[in-house]
Amino acid sequence: MAVACALAAGGLISSAQANDNPTESSNMTVSPPTSQTLTARQQSIPLITAAAATGNLPQLDIALNRGLDAGLTLSEAKEILVQLYAYAGFPRSLNALGELMKVVEARRQQGIEDAPGREPTRAVPVGDALLAVGTANQTRISGAPVKGPVMEFAPVINQYLQTHLFGDIFERDNLDWQSRELATVGALAAMPGVEAQLRSHMAASIRVGLSIAQLRQVVQLLEDAGEAAAAGRAREALDQHVAASR
């Protein structure tokens with residue numbers, strides 16, 4: 001299943017361009033799962049983006065505190081919320097970053113100094129080099145070169161994806177790809193109407209090394225956080241991916 005993308009109202013969101021021929025994905029590179037259980041830090045990530053994507057700031061406050069308590073650094077938290085704009089739009093991302101500022105200040109007043117984390121260690125390329133590295137990242141995460149009717153209809157959208165989302169953003173190495181996919185799954189699960197995109201990112205999560213068991217844990221985390229609709233969408237998307245992979 002190759003990943004395509006569409007420009008939706010409110011921002012750029014990734015979309016699954018499903019292929020009826022399952023043999024197309026036979027050459028995809030899949031990283032073996034490193035664990036069957038999410039760390040406490042990882043558990044916080046989909047909860048943060050689910051709350052941020054829907055503008056539920058009280059729930060976001062809880063999720064951010066949970067993540068910071070579990071060892072999420074300030075750099076990682078900011079990166080998660082910056083990336084959110086590519087899936088939920090700038091307004092949600094900016095509001096969530098504003099909430100993070102409030103949470104950090106409140107914790108500071110309580111005597112809690114959160115680890116700052118690190119900035120990206122390598123410079124993001126520009127020009128043709130950016131297009132090349134973004135295209136390589138997109139192909140690896142998608143499992144195959146991205147193509148389809150949407151890309152043919154509006155080729156510039158794929159150029160933006162390759163140079164910006166998979167280049168400018170995914171080349172920033174202060175947040176690993178597993179964390180980026182957990183963030184994307186949480187956000188897409190929280191938003192109705194993007195079920196195809198969610199299925200695509202369940203597959204992408206496995207390609208970057210997350211396990212089926214860890215993704216089942218994401219479903220349960222959303223359920224336990226009171227995000228029943230999001231949990232239901234995530235469960236269905238994962239079940240469909242598992243069934244299609246058999």
- request: Could you check which residue among Ala40, Ala50, Ala77 shows the biggest mean-square fluctuation in a GNM of the chain with a 10 Å Cα cutoff?
  value: Ala40
query: What is the distance, in nm, between label points placed 7 Å from the Cα along the Cα-to-Cβ direction at Thr37 and at Ala70?
result: 1.3 nm
message: Quick check on the chain: helices-only [θ] at 222 nm, where DSSP H runs of length 4 and up contribute -39,500 (n - 2.57) each and the sum goes over total residues. Nearest 500, please.
response: -18500 deg cm²/dmol
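Relative contact order for the range 2-245: what percent, with Cα pairs under 8 Å and sequence separation of 6 or more? Display every interim value, and only then the final one.
Working: 394 pairs, mean separation 73.7, N = 244.
So the answer I get is 30 percent.
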task: Return the single residue from Ile45, Ile62, Ile80 with maximal mean-square fluctuation; model: Gaussian network over the chain, springs between Cα atoms under 10 Å.
output: Ile62
- line: Given backbone amide H placed at 1.01 Å from N, residues whose amide H is under 5 Å from that of Ala154, ignoring those fewer than 5 places away on the same chain, are none
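Is the range 2-245 rounded, prolate or oblate when judged by the Cα gyration tensor, a ≥ b ≥ c being the square roots of its eigenvalues, rounded requiring a/c under 1.5 and prolate requiring a/b larger than b/c? All intermediate terms of the calculation are to be shown ahead of the outcome.
On the way: a/c = 1.66, a/b = 1.34, b/c = 1.23.
Cα axes put the range 2-245 in the prolate bin.
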field: Span from the the range 164-181 Cα centroid across to the the range 188-246 one, whole angstrom
entry: 20 Å
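Which shape class, rounded, prolate or oblate, goes with the range 204-246 when its Cα gyration tensor gives a ≥ b ≥ c as root eigenvalues, a/c under 1.5 marks rounded, and past that a/b bigger than b/c marks prolate? Before the final figure, lay out each step's value.
Working: a/c = 2.75, a/b = 1.58, b/c = 1.74.
It is oblate, given that a/c is not under 1.5 and a/b is not larger than b/c.
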task: Estimate the FRET efficiency between Gln109 and Arg246 by the formula 1/(1 + (r/R0)^6), using the beta-carbon distance for r and 51 Å for R0, to the nearest 0.05.
output: 0.45
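So which GluC sites (Glu not before Pro) in the range 53-133 pass both tests, a DSSP loop state and at most 14 other Cβ atoms within 10 Å of the Cβ? Mind showing how you got there, number by number?
Details: sites: Glu76, Glu79, Glu99, Glu105, Glu113; in loops: Glu113.
Passing both the DSSP loop test and the Cβ count: Glu113.
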Simple spin-label estimate for Val82 and Ile212 in nanometres, 7 Å along Cα-Cβ: 3.6 nm
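Bear in mind that the values in this text are calculations on the coordinates, not laboratory data. Just so you know, these numbers come straight off a predicted model, no measurement behind them. Don't worry about glycine lacking a Cβ; one is built from the backbone with ideal geometry, like all the others, and counts go over all protein chains shown.
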